Amino acid sequence: MRICGIKLTHDGAIALVEDAKLIFCIEQEKRNNNPRYQTIDNLDAIAVALTEHGLDPRQVDQFVIDGWGGAVESQFQVFSGATPITLKGAPYVERHAEGLLDSHDGFGLRLDGSDFPYRSYPHITGHVASAYCTSPFAKAGQPAYCLVWDGGTFPRLYHVERRGARFIASLFPLIGHVYAAAGHHFGPYRQTNRRDLYDPAKLDLGVAGKLMAYIALGSVDESIVTVFEELYEERLAAGARRAGRNSAESPLAAVHDFFDASELQLETKAPEDVLASVHCFLERLLIREMAIAVQRHSRIAARNLCIAGGCGLNIKWNSALRATRLFDAIWVPPFPNDSGSAIGAACSALAADQGFVPLEWSVYSGPALLRTGELPGWNTSPCSMRELATILASNKPVVFLVGRAELGPRALGGRSIVAAATSPRMKDHLNCIKLREDFRPVAPICLEDRAADIFSPGTPDPYMLFDHQTRAEWRDKIPAVVHLDGSARLQTIPRTSQHKVVELLVEYEKLTGIPLLCNTSANHHGRGFFPDAAAACEWGRVEHIWCDGVLYKKAVSDH
């Protein structure tokens, strides 16, 4: 059974699942240096992705489109070639507690001149399915809770087991966009004219991740937290109790009104302290309401938790949930946001047919590198990992491109810029060449068996989804990857991995005794990962590019 999952809206992607195995997932932002959050506006992209993998659309058994905005159904205006087409799909949220697998069936998905039938499941269903089906809990046949906190919804808690999934509760009345919205009211991304921000499509989705770094500049002020707590009770919680706790969403305007009211009381406060306190208020609210929900539903045997939705990228909240010990284990996939929605759409169809079965998958299932030949202005030569480690040890960053791209928004060694972490100036250098703010951290990629020596807790974290503190005795040894608050967004990778970045880390460890490197994404500012060495050379802000065994070195001019 071949199932093609399709995400047409932002973070557009095409995924193919065959007999419960992920064959590929092509995120459109990772093609041709496309902008982040790229949509699929033309269905030809689907046919192209299939053709690249030796398939004709007629060889696909089922097409599935991720649902989107709308209470009853969604609508998509796309093209097939030059022909405009309207497709209808499932809504954003399921319509009743047992309705995750209720599908909208349609016809007219036009690929290569032929029309195909398709199914569509609610957008939230894709998050639940992608998180649980990729989890160790699915593989072990264990039930789990699933928390989905997406941009347009309140945090929603589900119970999932192989035979089905059901909605349990909406935890509290704040949509996931609340974090980015805070950044448009306070701090360096503050907007004075917010009329456009009432439209979710015009919200800057990148602000949330930047704020997670920015709050390290501030301190939690309990008087500020109290302001947010009081306004929340007055303006949001009381109304939600009257309306019923199971409401799915509220207008973004309610979030902006909440922050407008807080601004009047916080005019004299430092913005970095305000945003640190916003983060703290939301974290405490999430922990409190999660504990209440689990207690209220204590008859449910599940003690595992999956986390999905855009808020699943907040490593500090993930770590705070883990620290509560409400759950025996927590799983966050590397694509908790909409970058995993095409996979989720395919898994939804799989669940409708077979139940929520485990998916066989690899995080390195994105687009393959495009071939690159000789490039003007660049010298090429074979380069061993030992030679590459020597370049890194001389404090020179390297663009490292190998194999298929990683899934999700974070570079995990397949489309990375790697560098020595031993110089305090390296973080500033990497932020400069990437046109990033100076307060932004640079992540470490570390051999898994050494991580606990350097970080706390230093537990396996292959997808950079939890917060770790750098141990005091290591902070001066690897200053480039230590954030302002002493934390690190750690990626661990086992020595047994066949990925080439492990070989590099091992060679670098032999040379220096240090089992980690700086790791940041290799991309143009505001774009997806480099699709090939040519794109990295065209960018030209790093002098060494290693691509599948070949070193590209910027030629020295004779003039």
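Things worth noting here:
- Checked against (1) over 30 Å from E52 (Cβ atoms); (2) not in a loop (DSSP other than H, G, I, E, B), S381 passes all but condition (1).
- Residue in the stretch 407-426 that is surrounded by fewer than 21 Cβ atoms within 10 Å (Cβ to Cβ), in contact with a Cys (Cβ under 9 Å, 6 or more places away or on another chain) and either free of Cβ contacts under 8 Å to residues at least 40 places away in the same chain or not in a helix (DSSP H, G or I) (or both) present: no
- Any hit, the stretch 515-524, residues being on the phi < 0 side of the Ramachandran plot, in contact (Cβ under 8 Å) with a residue 24 or more places away in the chain and surrounded by fewer than 18 Cβ atoms within 10 Å (Cβ to Cβ): no
- Screening F455 against (1) under 20 Å from the mean Cα position of the chain (by Cα); (2) buried (at least 24 other Cβ atoms within 10 Å of the Cβ) leaves a single unmet condition, (1).
- Test: residue in the stretch 76-83 that is in the same structural domain as D56 (by TED's automatic domain parsing), under 23 Å from G176 (Cβ atoms) and not aliphatic (A, V, I, L, M): yes
- Filtered by the rule that a residue be more than 17 Å from E233 (Cα to Cα) and without any contact (Cβ under 8 Å) to a residue 60 or more places away in the chain, the stretch 267-291 gives E267, T268, K269, A270, D273, A291.
- Subset of the stretch 74-87 that is surrounded by fewer than 18 Cβ atoms within 10 Å (Cβ to Cβ) and either at pLDDT below 95 or part of a strand (DSSP E or B) (or both) - its residue that is farthest from the chain's Cα centre (by Cα): T83
- All of T83, T39, T9, T51 fail the test of being in contact with a Gly (Cβ under 6 Å, 6 or more places away or on another chain) and hydroxyl-bearing (S, T, Y), apart from T39.
- Residues (within 16 Å of the chain's Cα centre (by Cα) and basic (K, R)) located in the stretch 301-324: K316
- For the criterion of being more than 13 Å from I6 (Cβ to Cβ), without any contact (Cβ under 8 Å) to a residue 12 or more places away in the chain and assigned by TED's automatic domain parsing to the domain that holds K7, D105 fails.
- Residue under evaluation I168, criteria (1) part of a helix (DSSP H, G or I); (2) modelled with pLDDT of 95 or more; (3) in the same structural domain as L211 (by TED's automatic domain parsing), criterion not met: (1)
- Residue list for the stretch 460-492, filter: under 17 Å from A420 (Cα atoms) and hydrophobic (A, V, I, L, M, F, W, C): W474, I478, A480, V481, V482, A488, L490
- Count - residues of the stretch 225-253 that are among the polar types (S, T, N, Q), surrounded by fewer than 15 Cβ atoms within 10 Å (Cβ to Cβ) and modelled with pLDDT under 95: 2
- Here S365 qualifies as closer than 28 Å to V542 by Cα and not assigned by TED's automatic domain parsing to the domain that holds Q295.
- Criterion applied to G377, G344, G309 was being touching a residue at least 40 places away in the same chain (Cβ under 8 Å), at positive phi, in contact with a strand residue (DSSP E or B) (Cβ under 9 Å, 6 or more places away or on another chain) and surrounded by 16 or more Cβ atoms within 10 Å (Cβ to Cβ), and the one residue passing it is G309.
- For the stretch 114-127, the count of residues that are farther than 20 Å from R2 by Cβ, touching a His at 6+ places or on another chain (Cβ under 6 Å) and not polar (S, T, N, Q) is zero.
- Against the numbered list (1) hydroxyl-bearing (S, T, Y); (2) modelled with pLDDT of 95 or more; (3) more than 20 Å from M464 (Cβ to Cβ), Y364 comes up short only at (3).
- Checking S365 against (1) under 27 Å from L211 (Cβ atoms); (2) of a type in the set (G, A, S); (3) touching a residue at least 60 places away in the same chain (Cβ under 8 Å), the condition it does not meet: (1)
- Selection within the stretch 196-224: residues that are under 15 Å from A181 (Cβ atoms) and outside any helix (DSSP H, G or I). The member of this set that is modelled with the highest pLDDT is G206.
Yes/no matrix, rows are residues, columns are (1) among the β-branched types (V, I, T); (2) closer than 15 Å to D112 by Cβ; (3) not assigned by TED's automatic domain parsing to the domain that holds E406:
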{"position": "L22", "(1), (2), (3)": "no, no, yes"}
{"position": "Q28", "(1), (2), (3)": "no, no, yes"}
{"position": "N34", "(1), (2), (3)": "no, no, yes"}
{"position": "T51", "(1), (2), (3)": "yes, yes, yes"}
{"position": "G54", "(1), (2), (3)": "no, yes, yes"}
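- In the set C446, C432, only one residue is part of a helix (DSSP H, G or I) and closer than 24 Å to G209 by Cβ; that residue is C432.
- F400 being part of a loop (DSSP other than H, G, I, E, B) and of a type in the set (F, W, Y): no
- Looking only at the stretch 18-50, and only at residues there that are free of Cβ contacts under 8 Å to residues at least 40 places away in the same chain and assigned to a strand (DSSP E or B), the one that is nearest to V363 (Cα to Cα): E18
- Residue that is more than 24 Å from the chain's Cα centre (by Cα) and hydrophobic (A, V, I, L, M, F, W, C), where the choices are L111, L147: L111
- The lone exception for Q498 - which of (1) crowded, with 18+ Cβ neighbours inside 10 Å; (2) out of contact with any strand residue (DSSP E or B) (no Cβ under 6 Å at 6 or more places or on another chain); (3) not aliphatic (A, V, I, L, M) it fails: (1)
The values are calculated or read from the model by the stated rules, or taken from the named source; none is laboratory data. Note that the coordinates shown come from a computational prediction; the quantities given were computed from them, not determined experimentally. No Cβ is skipped: glycine too gets one built from the backbone with ideal geometry, and neighbour counts run over all protein chains shown.
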